[in-house]
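Just so it is clear, none of the values below were taken in a lab; they were calculated from the coordinates. What you are looking at is a predicted structure, and each value in this text was computed from that prediction instead of being measured. Counting neighbours? That spans all protein chains shown, and the Cβs are built from the backbone with ideal geometry, glycine included.
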Amino acid sequence: MRSLILLSFVLAVGCQQKMATQPAPRAYGQSSLFANKQASRPLEDGVVARGQKADSNALISGLSKKGREVKVGDWSGAKAYDVNSVVPPAGAPNDVENFVSEFPFPITEADMHRGQQRFNIFCALCHSAAGDANGKIVERGYLRPPSYHLDPDNKAMDYSTFGSPSTELHQGYSRGFYRFGKKFPLREVPVGYIFQVITWGYGGMPDHASQIPPEDRWRIVAYIRALQLSQGAEAGKLPEAQKQKLDGVKTDAPKH
C-alpha cells in the first residue's frame, strides 16, 4: 500500500507542467551569457538580419545623406534649443535637404488605395479622414495635431501644446521645422519628413514604426499628398473634365 502511495506522488510530480521554468527565446542583443546580467552581448559591426535593410536606406529612414549627419552651424533662429550648448541631432528638421523629396519606390493606384486604408486605420482618428485635424480623438480632448491644409484666408492659427491657438504659427504649417525657426507649409515639406514623423512620432503623436511596415508608411505619405492636393489644387491646372465638374457642368456620360 505504501508503495502505491509513493508511486502516486512520483507520478504527480512528474506530470506537473512547469510553465514558468521553460526555456524562452532571448534576442541576440539581450543575451545573458556574461556574469554581468545588465550587460548585453553586442552585435558585431555590419551584422544584419536576413532581408533587413540598412538604416541608411531612404526606404527605412526618409533621410538624405546630408540629413544623417550631425548639423553644426548658426541656430540663432531656433525656437526650442539652447543654441550655445545643443547641436541638433541627425534627422533634425532644420533644413529641407535633410529629407528625401522622392518616394523610394513607384507609387501605383494599388499603393494609393493601401495608403488610404492604412491612413483611415492609424491616422484618421486624430487627423480626421480629410486631414483637417478634427478627428474623433481630438473631439474628446486629445492634443490637436496640425492640419495638412492651409487656411484659404491665412487667418486660422495652429494650436499650441496646451490646446490653445498659437499666436505665431498659422494653420497648415510644420511644427517640426518651426522649432528651428523655419516656416514651411506641410504641403511643401519633403515626403521624407512626413515619413520620419510617422516613424519617430512627434509631440503628442506616438511613433508608429512597430505598427506600420516602412512600405505602408510611404503609402500613407502618398495618400496624405493626395489629400493635400484635393484641397490645395489650383483650378486652372485641373483637367478639363474636372473643371467642368467644378463649375457645375455635367460632363457627357461615358458611352458603352
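Modelled this way, with points 7 Å down the Cα-to-C-beta line, the labels at Arg68 and Ile121 are 2.9 nm from one another. A simple spin-label model places the labels of Met157 and Val47 5.4 nm from each other, with each point 7 Å out along Cα-to-Cβ. Computed extension length for Lys183-Lys245: 18.9 nm, one decimal, from 0.36 nm per residue of separation with the Cα-Cα distance subtracted. Over region 101-256, the hull volume per residue, using the convex hull of the C-alpha atoms, is 154 Å³. For region 208-244, the list of GluC sites (Glu not before Pro) that fall in a loop by DSSP and count at most 12 other C-beta atoms within 10 angstrom reads Glu234.
Under a 5 Å amide H cut-off, with hydrogens placed 1.01 Å from N, Phe99 pairs with Ser64 among residues at least 5 apart or on other chains.
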